[in-house]
Structures are given as C-alpha cells and as structure tokens.
Amino acid sequence: MKPLLSVNNLSVAYAGGRIKEALKNASFKLYKGEILGIVGESGSGKTTLASSILNILPSGTKKEGEVIFEGRNILKMNDKELRNIRGNRISIVFQEPAASFNPVLTVGYHFLEFMGKNSAMNKRENKGRIIEDLLRKSGIYDTKRVLKSYPHELSGGQLQRAMIALAISSNPDILIADEPTSSLDVTVESQIVNLLLELRKELGFTILFITHNLGLVKVLCNRVVFLYRGEVKEITDTKSLFLRPKHESTKVFINDYLRLVS
C-alpha cells in the first residue's frame, strides 16, 4: 500500500548559543485511514516532528531529510505551496487550546479569518451556517454564544472542541493531534478522544496522534512510532508494543507507565 505521508531520514537541529539536535534520521510512514501514535517522553522530539511535517519550524533551524506528501517534499515547498497544505490538506490541533487563539479576537472571528484565507471555503455561501455545523460536529451546541465569546470566556474543553472544529473545517486528509488532551482533566480528555474517533469515522481523515500517554495509545492507535532522544527506536502495532517491546528504552517507558497505573 502506498503511504499517505512518508518521513525519510529527518534530522532537525535548532540554532542558538548551542545547537540542539532534536531529531536524528527519523523515518516512518503514515497510511490512509489509520491512527498512528507518535510516543515518547517529554523532550523526545514529538512536537518537533509535528512542526516539521507542516514546515513551521523557527527561522534558522537546520533541516535534513524529507517529508513526502503526494510525491513532494514539504520541506522544499515555497510559501504559496505551503499555504495550500497547512490547514487545508494537513491540519493540526495543539496541546494548549488557549494558545491557539488570539485572546483579543472572538472565536467566530478566527473561523471567518480562516475561511477567508482558504480560497475554496471563501467562495462558499452561508458561512455562518457552515461554522455552526462544524461546531455542532465537535460537540458544541450553544454555537452562537461560543462564536461571540473571547477565548478566556470559554473552558479548556470548549476551546479544544472549537480548535478541532477549525482544524476539520477544510476536510483535511491528515489531522495531527499534538498532545490534544494534556491540559484537560480526565473526564474532558475522554470526551475529546471519543470525539476524534467519531469525526474520523464520519469524515474519513487520517490521524497522527502525538502523546506521552500510553493509556490513550491503547484506546486510539493502530500502530506506534516510539521516539527516544530524537531517534525512532521502534515502529510496531499497538498490541506488540505492550506485549513484546524490543528496544530497552521502550521497555523502560512501558514499565514506568504500568507502575503508574497499577
């Protein structure tokens, strides 16, 4: 089967007083329709990987390797080409929903601004109805209040649902979920996970789920890529990750998780 996305020998190093290598020759493939987990402890390179896929790394960052989508390397695309990918073909939900919205603009303004920048969506009529429908799909039913609200007037769970609605508004091929529940309580976390599963079933997008939470991996993911200090140490199906981990760092990570939940 041809992969939807291929990451090939990706290395990323941040510039600064001391160059920090965040990813080292990372490679994996993402297939249409699956939920692929990117797992590792804090600082393992997970968020750098997400940023690399959308090519939103800070200026001066050293990048080597490839991120291939539809036969083209995203890391080599110009600004116009990237605008056609980001938020359209590949969307992202970040771990801190409050940081995803401008605090001085209403939630509704964010939707209208995004639709205005998306040429296909900008031509669509009844934008208000479309936006409200997206919010309802994401589990927000008092849509008018939410659209008139500023980010600080909503709970973390409501903001994350609004962020998911914004991310799916262009009907993307790939949704990157970068620790989307880490700032939420356990009850809301469960609701967001179930929402992602329902939306994937309804809309058919592929999910790259980035997390350090192995409990979520068990529930969500078909396969797992395990990152350790910027290197891919293991790629396997979820069941095998727990039953037969191969790399020593994977074993330690799983044992630490099992001790926490036991």
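Each reported figure results from applying straightforward, stated rules to the coordinates on display, with no laboratory input. Note that this is a predicted model, so its numbers are computed, not measured. For neighbour counting, all protein chains shown are included, and Cβ atoms are generated from backbone atoms with ideal geometry for every residue, glycine included.
Which angle between 0 and 90 degrees, to the nearest 10, do you get for helix 107-117 versus the longest principal axis of the chain when only C-alpha atoms count? Roughly 80 degrees between the two axes.
Computed across the chain, the Kirkwood hydrodynamic radius from all distinct Cα-Cα pairs reaches 19.2 Å. Taken about its Cα centre, the range 5-261 carries a charge dipole of about 420 debye when Lys and Arg each add +1 at the Cβ and Asp and Glu each add -1 at the Cβ. Each 5 Å bin from zero holds the following percent of Cα-Cα pairs in the range 113-242: 2, 9, 18, 19, 19, 14, 9, 6, 4, 1.
Summary value for the range 1-128: 23 percent relative contact order, contacts being C-alpha pairs under 8 angstrom separated by 6+ residues.
Rounded, prolate or oblate, given the Cα gyration tensor of the range 1-155, with a/c below 1.5 counting as rounded?
The shape class here is prolate.
Put simply, the amide H of I92, placed in the peptide plane, has neighbours under 5 Å in G87, I176, leaving out anything fewer than 5 places away on its chain. Other residues within the sphere of radius under 14 Å centred on the Cβ of I210, judged by their own Cβ, net out at -2 (K and R +1, D and E -1).
Does the range 187-247 classify as rounded, prolate or oblate by the C-alpha gyration tensor (a ≥ b ≥ c root eigenvalues; a/c under 1.5 gives rounded; else a/b over b/c gives prolate, otherwise oblate)?
Prolate, since a/c reaches 1.5 and a/b exceeds b/c.
The residue list L75, H152, I207 was ranked by how far each Cα lies along the charge dipole of the chain toward its positive end, using unit charges on Cβ atoms, and L75 comes out on top. In terms of surrounding Cβ atoms within a 10 Å radius of their Cβ, L197, L159, L258 rank from fewest to most as L258, L197, L159.
Normalised by the number of residues in the chain, the mean separation of alpha-carbon contacts (under 8 Å, six or more apart) gives a relative contact order of 27 percent. Give the separation of the Cα centroids, the range 38-109 to the range 193-262, in Å. The range 38-109 and the range 193-262 have Cα centres separated by 21 Å. With helices as the sole contributors, the chain gives -11500 deg cm²/dmol at 222 nm; each DSSP H run of n ≥ 4 counts as -39500 (n - 2.57), and the sum is divided by every residue.
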